[in-house]
Each structure stands twice: as C-alpha cells, then as structure tokens.
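Beneath this line is the structure, given in structure tokens, with notes to follow.
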Amino acid sequence: MGRTFFITTLGCPKNAADSRQMRRSLLREGYEPAESPYEADYHLINSCSFIQSAREETIQTVLEGADIKKEHSDQKLVLVGCFAQRYEAAVREELPEVDLSFGTGLYHRTGELLSEKFGRPAIHDPLEPSVFSGMEFDGQPYAPVKLSEGCDRKCAFCAIPSFRGAFRSRELAEILQEIRDLTEEGVREVCLVSQDTNAFGGSHQAIIDAISAMHDIPDLHWIRLLYMYPDARTRRFLEAWDPVQLPRLVPYLESPVQHASSRILKAMNRAGDRQSFRDLFQLAREKVPGLEIRTSLLLGFPGEKSEDIDEVHAFLDDCRPEKLALFAYSPEEGTSGFSLPGMPAEENITDRINDVRQHHLSILKDIHLARQDQIFECMVDEISEDGMVVRRKQDAPEVDEVIHIDLETQNSDAGLEPGDLVKVKVTGFFEYDMAGELVTEDDL
Ligand code: SF4
C-alpha cells in the first residue's frame, strides 16, 4: 500500500486542531502529505455531526470522496471524528465506500490504525527513510531550510544518490538570505535539512560556523539540525558543540541509525554498530544538557533474523532514544539491496515493528513520567479558541511531542502569538503528547 494522505476537515476549529493531531500521527508513522485528495493513497475525512447541516455536509463529502476514489482505484477512504462516532453502525451499513472509520479520541493513533488495517507504508521510490521529508513552510513559525543537495553515501536501500546526484553544499550566503526572508514572514525556528547534513561544507567546523552566522539573524529563536549520519563526522561535531556559544541551536540530535545489528548494518552499507551508537548518543547527552535524541530504524532488510531484532531491542535499552521512527523495508529498483535474497515475510516485518514500537512506548512512558512537573522553554505553534499548542526545544515540529494548554484553565493567553517563547510546566501526558500550563515569572 502507498503512503500519501490527504485530510479533508469539516466542522469547527476543534476539528482543525484534531486534524493537525492526525497529521502528526501519520507523519510519525511514515506517511507523507499529498497536495490534494486526487493524489492521495488515503483520503481521510474528519467529520462533524453537530447540527443537521453539518451531518448533510459530511455525507455529501463522503459521496464526493467516493467519486474521487473511483478515479484512484487503490485509494482508501477513511471517515474519522464526530459523525463516525455517533453513527458508527449506519456508516458501516450505509456508506460502503468508507474503508475504515473511527471516532473521536483516536486521532493521535491515526497512523497506527491505518497501518494495522492496510499494512505499513512501504518506503517507495525514491525515498530515503526520514519522517521529515514532508515538512514545508506553510505559515507556521517554523520552516525547513536546505543545507545541501545530493548524497555520496551508498546505503543499500536508498535510491536518492542515483537521481539527486553527488553531494554539494549550498552557499552559506544564500542559506542566510533564505533564513532572513523567512524570519520576515514570521518564522522563528529553522530546521536545517539535507540528505547528509554532517557533510555540509566538508567539515564539522563549517557547520558550527554556519550556525554561528545564523545567530546574527534577529528574531530567529531556534535552529535545529536534522539528519546527522551516525558516524565520526557527527562525533566530531558533537565534540565541538558548545551550547554556551550556540544558545539558539536546540538540544536535539536527529541521527538515524536504521538498524542495530552489525550484520544487517553491513549488508545495508551503513556505518556504526550498537556500541558506537551508544557512545555517540552518550557523548551528545554529556555535551548538551537536556538534549533529546530522535533516531529511526528500518526493519525487514533481506537476511534479517530474529537475533538481529534482539539487537534492536538491546539498542533501545542501551540508548533509550526519546523519539523513534520505524520503517518497513521494501526493495527499491536501482539500489544494491534490490536483488538481495532472504527478505522476511511481510507479517514478520509487521510483528517485528509492532514489538519494537511497544518496547519504545514503554521507554517513552518512563521518559514522560520524568518530565512531569518540569518547566520547559517552549515555542507557541498554534493558538485557537480551545487552547494552545506549544513545543519544547527538544521536540521537532510536526513529528515530535507537543504540549496542549487548555486556555480555559489559564487566566489569559497574555496576547501571545505563534512563534513566541513561553515557559510551560508539564502537568500530564498522553501516549506521545503532553498537557501543560503556562508559567509566569511570578510562579517561578
Ligand atoms: S545517507 Fe544513505 S539513506 Fe541518506 S540519502 Fe544518502 S544513501 Fe540515502
């Protein structure tokens, strides 16, 4: 099954917030946004049943969705939200064009529910496994900014080098100008992306110098580095990272290991092993107080056996990454892995991914408990009538945890706007996201 999705949102502003939660869950699970329902593998309708006209609008939208589905025979139509909850039996019996429906309260599990029902999204041409590939600037206070193009590595599962070409860094002056332009449009955080970030400028010092120059841009609060390949270059960068000198570089390391079994890493033509990943992540945590780690794992590579998955579980226990993306391998034409024999059966891959996910969720629960009552500096991502969504420095936009603040329990939102920085106390947590309250100087 494909991996692109489009969400049609009906109803009130609350539904818009719920759709954003669905989007985060889908991105986390490896799905990618499509520009329109016509290009999507999954068309999700977030429904409303508040009044008669809203119910009619939902039915009309489902019927229109069914017409779109006719033109896209593999597409799945998914009905979510109030209407799906209230009229569960009627949806099953009278709207056969709906392939899956679920009610409110499960928005945060949308990605998993789709994977459970239709199979996990396979990596497809021409993608490398990254949860950030769908990020784009769309008026939010954060934006991706490319540091480079292409890649010189030859990971056995990835077709990117074959069509994006050799690695080349962008000119720093051009990058700085793009960031200045973005800050004029209200962007307060840039996420520095590329296929291979730690190769930028040919040395770790070039990255430090670039980030240092970004510190001179007024109104840019946070700088986030994404996709740091877990090798000696990233180690050298971490050794040189002085958080006092680079206060706007957020305490966050995104470093995709892709596997933890030395045998499979070798077959994937990837660097590192369990021990080197442990050392790298330990160094990051020692150098940068409060740093959190996101990594990804690609399971189901040819030759993978249950012993290799034992290594993955041991890696999770060793390294305890706060955030984890899980991908299922699928052979990609034009890659060296394409013709390798010994691919595990699809149901084995799904079971392995589910087990690893459960393991990670149990680790995440401990991590959440430790965050309870702590105060974090956060960026305001969204403000609506029902509340505010803020994000810690340790959380990347769109895929990591956010903190929901119920404005009814607060005296006021103090005239805040997206992109502002606030202090927030964590008061509770859900599976991934958290609840919190604004903290004022008087509370400290
Ligand atoms: S580092 Fe590997 S996975 Fe990433 S773009 Fe290069 S070849 Fe693909």
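Yes/no per residue for (1) in contact with a strand residue (DSSP E or B) (Cβ under 8 Å, 6 or more places away or on another chain); (2) crowded, with 20+ Cβ neighbours inside 10 Å:
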position: 140; (1), (2): yes, no
position: 152; (1), (2): no, no
position: 164; (1), (2): yes, no
position: 188; (1), (2): yes, yes
position: 204; (1), (2): no, yes
position: 214; (1), (2): yes, yes
position: 218; (1), (2): no, no
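Hey, does the stretch 4-23 have a residue that's at pLDDT 90 or above, more than 24 Å from residue 402 (Cα to Cα), aliphatic (A, V, I, L, M) and buried (at least 18 other Cβ atoms within 10 Å of the Cβ)? There is no residue in the stretch 4-23 that is at pLDDT 90 or above, more than 24 Å from residue 402 (Cα to Cα), aliphatic (A, V, I, L, M) and buried (at least 18 other Cβ atoms within 10 Å of the Cβ). One residue stands out among those in the stretch 189-208 that are within 10 Å of the ligand (Cβ to nearest atom) and of a type in the set (Gly, Ala, Ser): the one that is nearest to residue 422 (Cα to Cα), which is 194. Scanning the stretch 23-41 for any residue that is assigned to a helix (DSSP H, G or I), in the same structural domain as residue 111 (by TED's automatic domain parsing), in contact with a Cys (Cβ under 7 Å, 6 or more places away or on another chain) and in contact (Cβ under 8 Å) with a residue 40 or more places away in the chain turns up nothing.
Once the stretch 275-297 is narrowed to residues that are without any contact (Cβ under 8 Å) to a residue 60 or more places away in the chain and among the small types (Gly, Ala, Ser), the residue that is nearest to residue 236 (Cα to Cα) is 284. One residue stands out among those in the stretch 44-65 that are of a type in the set (Gly, Ala, Ser) and surrounded by 20 or more Cβ atoms within 10 Å (Cβ to Cβ): the one that is farthest from the chain's Cα centre (by Cα), which is 65.
How many residues does the stretch 261-270 hold that are within 16 Å of the ligand (Cβ to nearest atom) and either under 23 Å from residue 28 (Cβ atoms) or buried (at least 19 other Cβ atoms within 10 Å of the Cβ) (or both)? Final tally of qualifying residues: 5. Exactly one residue among 316, 326 is modelled with pLDDT under 95, outside any loop (DSSP other than H, G, I, E, B) and under 23 Å from residue 121 (Cα atoms), and that residue is 326. Residue check: residue 193 meets all listed conditions (1) under 30 Å from residue 315 (Cα atoms); (2) at pLDDT 95 or above but one, namely (2).
Here residue 247 passes the criteria (1) over 24 Å from the mean Cα position of the chain (by Cα); (2) surrounded by fewer than 18 Cβ atoms within 10 Å (Cβ to Cβ); (3) away from the ligand (no atom under 16 Å from the Cβ) except the one numbered (1). Restricting the first member to the stretch 195-222 and to residues that are assigned by TED's automatic domain parsing to the domain that holds residue 253 and closer than 14 Å to residue 175 by Cβ, and the second to residues that are part of a loop (DSSP other than H, G, I, E, B) and at pLDDT 95 or above, the beta-carbon pairs closer than 6 Å and six or more apart or on different chains are 197/228; 211/246; 215/248. Candidates are the residues of the stretch 156-188 that are basic (Lys, Arg) and in a helix (DSSP H, G or I); the one that is nearest to the ligand (Cβ to nearest atom) is 164. Of everything in the stretch 66-95 that's assigned to a loop (DSSP other than H, G, I, E, B) and touching a helix residue (DSSP H, G or I) at 6+ places or on another chain (Cβ under 9 Å), which residue is surrounded by the fewest Cβ atoms within 10 Å (Cβ to Cβ)? Across the stretch 66-95, the extreme among qualifying residues is 72.
The values are calculated or read from the model by the stated rules, or taken from the named source; none is laboratory data. Bear in mind the structure is a predicted one, so any value in this text is a computation, not a measurement. Quick reminder, even Gly has a Cβ in these numbers, built from the backbone with ideal geometry, and neighbours come from all protein chains shown.
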